[in-house]
Amino acid sequence: MFELRRKLLKGGSVAALLSPLLGTGLLVPTSVLAADWNRPAFGTRNIGDALKAYGNANTASESPDIVISAPEIAENGAKVEIEITSNIENTRSLAIFADKNPMPLSAILEFSGPALPYARVQLKLAETTRVRAVVKTLDGKTHVAFREIKVTLGGCGG
Amino acid sequence: MGEQIKIRAQIKGDMTDIRILMQHPMETGQRKDDKGQTLAMHFIQTFTVSHNGKTMIEGQLNTSVSKNPLFAFKARGIKVGDKISVSWQDSAGDKRQDEIVVS
């Protein structure tokens, strides 16, 4: 028994040996089940790149069926509450961008089961900016809605 | 280990309002402390909301989500006695999970 264990460890290939089991559902690491953080999209530093990195959201069609409610003027950019409802059928995910933030993509939310395509979130806004909500549907279509928010005091820096 | 996630679910007929407060500094990496030292970036990257063990909302966040963010969601068909759990993982690898029973 110990012999076998030693051999396995020596080979340094325990993970490799177990990996065929992953697909069977016998060994599913929980970290794989959680959504992976979309580093390329979150790390982009301008809205054009962010939309592209998120998956061709730059070609999304504007839709009146996405409703964004937010204050017209936010006195404190450190906490701005934004409420988004998608009335588009088969909405799978919702992404929120603030065009002028240093990193425009703020959040991606994916809905399934009993969850409705609705979210209220609190964002930091660096300056007066256009906020956009990008909805992706189950059949792969992308829609967008915009909302301008004036910020009196920015919420990202010191 | 982060601070407790506060979860509140309120059933209104067929609809349920779910409010989730995640207590976290959500540091952007742009702020400086009193001595002019930059505070390291530290923020929640992913979170999951589950209903009776099944994922219903998966979220990914950036540093631009506010400190101690409060989220609100809606769901249909949740009943008294159902379990709602929320877990998050931050950029430092810290994790937190909490669960409530809907009453």
| task | Residues being surrounded by 23 or more Cβ atoms within 10 Å (Cβ to Cβ) and of a type outside the set (A, V, I, L, M): count how many of those fall in segment A:94-110. | result | 4
| request: Name the single residue, out of those in segment B:30-42 being at the interface with another protein chain (Cβ under 10 Å from one of its Cβ atoms) and assigned to a loop (DSSP other than H, G, I, E, B), that is farthest from B:Gly93 (Cα to Cα). | output: B:Gly36
| Does A:Asp99 satisfy the criteria of being more than 10 Å from chain B (Cβ to nearest Cβ), more than 17 Å from the chain's Cα centre (by Cα) and of a type in the set (D, E, K, R)? | no
| task | Please enumerate the residues belonging to segment A:86-117 that are of a type outside the set (A, V, I, L, M, F, W, C) and in a strand (DSSP E or B). | result | A:Ser86, A:Thr91, A:Arg92, A:Ser93, A:Ser106, A:Glu110
| request: Go through (1) more than 12 Å from chain B (Cβ to nearest Cβ); (2) touching a residue at least 60 places away in the same chain (Cβ under 8 Å); (3) outside any strand (DSSP E or B) one by one and return the number of the condition A:Ile68 breaks. | output: (3)
| said: Is it the case, given these coordinates, that A:Leu26 is at pLDDT 95 or above and either open to solvent by 50 Å² or more (accessible area, probe 1.4 Å) or touching a Ser or Thr at 6+ places or on another chain (Cβ under 9 Å) (or both)? | reply: no
| field | Residue match in segment A:130-150 (condition: more than 18 Å from the chain's Cα centre (by Cα) and among the polar types (S, T, N, Q)) | value | no
| Does B:Gln60 fit the bill of being free of Cβ contacts under 8 Å to residues at least 60 places away in the same chain, among the polar types (S, T, N, Q), crowded, with 23+ Cβ neighbours inside 10 Å and outside any loop (DSSP other than H, G, I, E, B)? | yes
| In segment B:83-103, is there at least one residue being at pLDDT below 95, of a type in the set (S, T, N, Q) and surrounded by fewer than 22 Cβ atoms within 10 Å (Cβ to Cβ)? | yes
| query | A:Gly155 passes all but one of (1) more than 8 Å from chain B (Cβ to nearest Cβ); (2) at negative phi; which number fails? | reply | (1)
| field | Qualifying positions in segment A:104-152 - under 23 Å from B:Thr28 (Cβ atoms), within 7 Å of chain B (Cβ to nearest Cβ) and free of Cβ contacts under 8 Å to residues at least 40 places away in the same chain | value | A:Ser106, A:Ala107, A:Leu109, A:Ala119, A:Arg120
| request: Mind listing whichever residues of segment A:97-127 are β-branched (Val, Ile, Thr) and within 11 Å of A:Val80 (Cβ to Cβ)? | output: A:Val121
| remark: Residues of segment A:54-65 being at pLDDT 95 or above and open to solvent by 40 Å² or more (accessible area, probe 1.4 Å), in sequence order, are A:Glu62, A:Pro64, A:Asp65
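The values are calculated or read from the model by the stated rules, or taken from the named source; none is laboratory data. Just so you know, these numbers come straight off a predicted model, no measurement behind them. In this analysis, Cβ positions are derived from the backbone assuming ideal geometry, glycine residues included, and neighbour counts consider all displayed protein chains. Side chains are part of the model used for accessible areas, which takes the heavy atoms of the whole protein and leaves out ligands, DNA and RNA. Shrake-Rupley method; radii C 1.70, N 1.55, O 1.52, S 1.80 Å.
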